[in-house]
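Heads up, the thing below is written out as structure tokens.
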Amino acid sequence: MVVSDAPAGANFRVIGVKTCKEVGKRLADMGFTEGAEGAVVRSGFLRDPLQVKIRGYDILIRRSEADDIEITPVGDWNTT
Amino acid sequence: MSDIKKSPLRVALAGNPNAGKTSLFNALTGAHHKVGNYPGVTVEKREGSRFLDGREYHFVDVPGIYSLTAYSIDEVVARDFILDEKPDLIVDVLDSTNLERNLFLCLQFQELGIPVVGALNMSDEAAAKGIKIDVEALSGVLGIPMVKTVGTKGSGIIALLDSIDAAVGDQQATYGNNSRPAHSIRYGQEIESRVEPLEAVIAADAPFAARFPARWLAVKLLEKDVNAYERLAFHKNAAGITAQAKESVAWIEKHYGKDAEIVISEQRYGYIRGAANETVTQVKKPTVSLTEAIDRVVMNRFLALLIFLLVLWGVFKLTFALGAYPQGWLEVFFGWLGGAVNSVVPEGFLRSLLVKGVIGGVGSVFSFVPLIIILFFLLSLLEDVGYMSRAAFATDKFLHAFGLHGQSVFPMILGFGCSVPAIMAARTLKSRRDRIVTILVIPFMSCGAKLPVYVLLAGAFFAKNAGNMVMLVYAIGAVISLIAALVLKKTVLRGDPTPFVMELPPYRAPTLGGLLWHVWEKTSQYIKKAGTVIMAAAILIWAITTFPLYELPQSQIASLTTSYKAKNANVDQKAIASYLETAKAGASLEHSVAGTIGKFIEPVFRPLGFDWKISVATVTGFAAKEVIVSTFGILYRVGTEENEQSTSLRDALRADSQFTPLVAFVLMLFVLVIPPCFAALSTIKAELGWGWLGFAFVFMLALGWCLGAAVYQIGLFTGGAVAAI
């Protein structure tokens with residue numbers, strides 16, 4: 001499961017980034033590393049880009065980047 | 001200690017973007033600062049000094065970055081500055097409300113073997129959010145002295161300076177005789193078993209290790225940093241170490257089952273989490289913040305774009321409506337100055353040069369200064385408040401489809417006002433390729449100076465639909481800029497798409513001092529340019545429209561007078577004099593270098609339906625696009641001071657059988673697409689260099705010609721369908 005699968009409001013825990021060149025390292029440097037907790041806050045018009053909370057701050061990423069971040073759900077996504 | 005004169009210290013002020021670095025820099029250095037560029041790049045470099053207890057602290061502001069991976073120009077500049085210029089100390093400005101990610105960079109600085117002091121900035125905001133930081137414990141755990149500061153209020157500054165002083169004094173004790181920090185991040189047993197041997201072999205070459213900190217380089221090699229391998233080439237055992245590093249990378253990747261550079265980042269965050277667990281506590285449950293409450297509206301899926309357009313409209317309106325007043329005053333002032341010089345300097349070259357060349361040229365450039373001041377005040381305000389990231393959020397999806405970036409939107413829309421500040425505003429783009437594309441397509445957004453040309457031509461030839469015609473040209477310009485961006489991104493600026501990874505900072509109240517600082521920087525840069533490049537260009541345009549001097553022969557003046565009187569009964573002396581003056585100006589322009597060029601290039605413009613008069617007007621248009629209108633005024637012998645509303649000029653244009661509605665439409669398109677005025681061209685040069693300026697010039701000229709020729713030929717073929725409108 002990846003970040004782009006998570007609905008708005010869903011909490012998650014990062015498993016890791018499927019690294020591909022620059023963007024993987026960049027996401028890791030911004031805090032998307034194994035065990036980090038985060039949440040999808042909202043997405044833009046046409047569901048892109050995404051506002052994601054990670055390590056207590058907010059970041060904007062495109063859906064294509066969110067596809068590279070593997071996560072496990074935290075809490076019940078259906079109630080969010 | 002204060003009675004001893006201590007050696008000055010060079011301190012690099014570094015940190016994440018949005019950590020309040022600029023306000024802390026201002027609080028540290030006060031008014032003593034200068035702005036320049038880092039060598040070879042347009043990244044701004046601020047320097048300033050502070051004196052305390054007999055010591056000079058010379059601060060150099062390093063661009064705001066998140067990591068030392070060197071993916072963006074800012075990161076390269078920061079890394080090279082610290083590695084190559086070796087400051088005495090680094091002050092890392094940390095956002096106390098967001099400590100984990102901010103410490104990620106801090107730990108990389110520590111590895112560089114230069115003393116680091118952490119400024120826990122925005123500590124008031126952290127306290128308000130219920131984040132409690134045990135400063136002493138954190139300093140102890142990380143081995144980095146930490147001081148609480150609030151840059152916007154100037155608090156903690158003296159404590160920070162004292163801490164810098166102490167850290168430099170402790171350097172010998174902390175670092176011993178080599179630059180190996182006594183205390184630095186541990187990556188865990190497995191990684192350390194690979195870092196330490198590498199470190200040892202690197203340190204074996206003592207002169208090399210004195211230049212590049214061995215531990216930092218060892219870690220960077222494991223992170224597969226290309227630049228680190230390049231620097232390693234100076235080592236006497238470069239080949240052996242490279243092989244050992246590659247072997248270690250392979251071992252780590254096999255052991256962890258993921259890329260080595262990711263493993264290193266994870267270990268760093270793991271280490272930070274450990275340190276933070278012991279020293280940072282959340283004493284109050286976070287509530288729904290004001291930022292989140294605002295963003296529920298501002299970043300609402302459906303409202304975001306609408307609000308963005310409103311903000312844009314507001315910026316646009318304020319800039320050009322408010323700016324019109326001081327702009328008018330400046331024009332009056334330069335007009336008065338011209339008049340004053342006129343009455344003091346005797347008639348001749350010098351007067352003409354001073355009044356028309358220098359004062360006219362520089363005056364028209366200086367009249368933009370109020371616009372630039374207002375515009376950059378508003379843009380800095382939006383940036384400092386934190387709106388820019390929201391604007392990127394609102395527009396990225398749309399712009400990305402054309403190979404642009406969410407952050408391109410402001411510079412591009414500003415292009416409707418004036419290309420000069422718009423091109424400068426593209427600095428907010430972090431990726432060089434995105435910046436180049438944005439700057440290259442900005443001139444297609446019709447600037448304010450092109451409007452008079454459209455109004456004149458549309459009014460003369462499409463009187464019934466003049467407004468729609470002008471709108472159509474604007475729309476065509478916007479479409480061309482998007483298509484051009486797409487084409488450029490697919491051809492000359494091809495490459496991996498730049499990732500859109502952008503911090504969304506909370507809304508913060510801006511400080512007036514900070515805003516004025518930004519405005520002053522931008523404005524002074526523009527004025528400097530106006531004083532040099534643009535002045536030279538203004539004089540050049542004056543020269544080619546003036547020389548060689550040509551006097552209308554007396555016989556011709558007489559015959560013109562007779563024919564004018566014959567055509568117009570009951571004219572007074574004044575009308576005749578003004579008619580003759582226009583005729584003289586027209587004849588002198590026709591015989592000048594510009595006129596010669598116009599006639600010489602006329603055949604080139606034939607396929608577009610342009611005669612030599614239009615050619616001359618496009619040449620003089622490089623001074624400023626609205627000059628095209630006054631050039632027509634002179635060439636069509638209507639008057640020397642014509643404007644776009646002049647009915648006599650419209651009539652004169654219509655009376656010219658060469659000038660069909662089709663030609664008028666083609667000319668509008670041509671003016672839209674061809675290279676912008678000198679002021680804009682010199683701004684492109686300043687931002688991107690001669691190479692890209694040359695490319696932009698040729699690209700726009702070729703596109704303008706092809707588009708014009710295509711439309712004209714198709715128009716002729718379809719029997720002047722446009723004329724029927």
- Which one of these does residue B:235 not meet: (1) more than 13 Å from chain A (Cβ to nearest Cβ); (2) under 28 Å from residue A:8 (Cα atoms); (3) touching an Asp or Glu at 6+ places or on another chain (Cβ under 9 Å)? (2)
- Note on the structure: Of the residues in the range B:332-359, those that are out of contact with any helix residue (DSSP H, G or I) (no Cβ under 7 Å at 6 or more places or on another chain) and part of a helix (DSSP H, G or I) come to B:332, B:333, B:335, B:336, B:339, B:340, B:343, B:344, B:349, B:350
- Out of all the residues in the range A:19-71, which are of a type in the set (Gly, Ala, Ser), part of a strand (DSSP E or B) and either over 21 Å from residue B:506 (Cα atoms) or within 11 Å of the chain's Cα centre (by Cα) (or both)? A:38, A:39
- Task: Give, as residue ranges, the helices (runs of 4 or more DSSP H) completely inside the range B:587-653 that count at least 1 residues that are among the aliphatic types (A, V, I, L, M) and closer than 19 Å to residue B:576 by Cα.
- Result: B:627-635
- Task: State whether one or more residues within the range B:433-451 are in a helix (DSSP H, G or I), more than 14 Å from chain A (Cβ to nearest Cβ), in contact with a Cys (Cβ under 8 Å, 6 or more places away or on another chain) and crowded, with 19+ Cβ neighbours inside 10 Å.
- Result: yes
- Message: Going residue by residue through the range B:238-255, is there one that turns out to be closer than 26 Å to residue B:84 by Cα, among the acidic types (Asp, Glu) and within 11 Å of chain A (Cβ to nearest Cβ)?
- Response: no
- Item | Residue count for the range B:657-681, restricted to those that are modelled with pLDDT of 85 or more and either in contact with a Gly (Cβ under 9 Å, 6 or more places away or on another chain) or not in a helix (DSSP H, G or I) (or both) | 17
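How many of the residues making up the range B:360-395 are in a helix (DSSP H, G or I), farther than 30 Å from residue A:52 by Cβ and at pLDDT below 85? I'd like the intermediate steps shown before the answer.
Taking the range B:360-395 first, the residues in a helix (DSSP H, G or I) are B:360-366, B:369-385, B:387-395.
Within this subset, residues satisfying the condition of being farther than 30 Å from residue A:52 by Cβ are B:360-366, B:369-377.
Now drop any that are not at pLDDT below 85, which leaves B:360-366, B:369-372, B:375-376.
So the count comes out to 13.
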- Selection over the range A:26-51 where residues are of a type outside the set (A, V, I, L, M), within 7 Å of chain B (Cβ to nearest Cβ) and at positive phi yields a count of 1
- Take the range B:273-297 and flag every residue that is assigned to a helix (DSSP H, G or I), of a type in the set (S, T, N, Q) and touching a residue at least 24 places away in the same chain (Cβ under 8 Å). B:279, B:291
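Among the candidates B:523, B:545, B:498, which residue alone is of a type in the set (Val, Ile, Thr), assigned to a loop (DSSP other than H, G, I, E, B) and in contact (Cβ under 8 Å) with a residue 60 or more places away in the chain?
Within the list B:523, B:545, B:498, the selection yields B:498.
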- Query: Taking residue A:61 and the conditions (1) crowded, with 21+ Cβ neighbours inside 10 Å; (2) in contact with a Pro (Cβ under 9 Å, 6 or more places away or on another chain); (3) under 30 Å from residue B:220 (Cβ atoms); (4) more than 8 Å from chain B (Cβ to nearest Cβ), which numbered condition does it fall short on, given that it satisfies the others?
  - Reply: (4)
- Unique residue being of a type outside the set (Gly, Ala, Ser), more than 10 Å from chain B (Cβ to nearest Cβ) and within 23 Å of residue B:496 (Cα to Cα) when the list is A:17, A:2, A:23: A:2
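Kindly indicate the residue of the range B:492-521 that is β-branched (Val, Ile, Thr) and buried (at least 16 other Cβ atoms within 10 Å of the Cβ) and also farthest from the other protein chains (Cβ to nearest Cβ) among those meeting that condition.
First, the residues of the range B:492-521 that are β-branched (Val, Ile, Thr): B:492, B:498, B:501, B:511, B:519.
Then drop every residue that is not buried (at least 16 other Cβ atoms within 10 Å of the Cβ), which leaves B:498, B:501, B:511, B:519.
Values: B:498: 9, B:501: 5, B:511: 22, B:519: 27 Å.
Step by step, filter the range B:492-521, then rank; the result is B:519.
Taking residue B:597 as the residue in question, decide whether it is over 22 Å from residue B:451 (Cα atoms) and under 37 Å from the mean Cα position of the chain (by Cα). Quick ask: steps written out before the conclusion?
Details: over 22 Å from residue B:451 (Cα atoms): yes; under 37 Å from the mean Cα position of the chain (by Cα): yes.
Taking the combined requirement at face value, the residue satisfies it.
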- Among the listed residues B:704, B:694, B:689, B:708, which satisfies the condition of being modelled with pLDDT of 85 or more, at positive phi and within 32 Å of the chain's Cα centre (by Cα)? B:689
- Message: For the condition buried (at least 21 other Cβ atoms within 10 Å of the Cβ) and more than 9 Å from chain B (Cβ to nearest Cβ), what is the one hit in A:54, A:71?
- Response: A:71
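The values are calculated or read from the model by the stated rules, or taken from the named source; none is laboratory data. Values in this document were obtained by computation on a predicted structure and should not be read as measured data. A quick note on method: Cβ atoms are made from the backbone with ideal geometry, for glycine too, and the neighbour counts reach across all protein chains shown.
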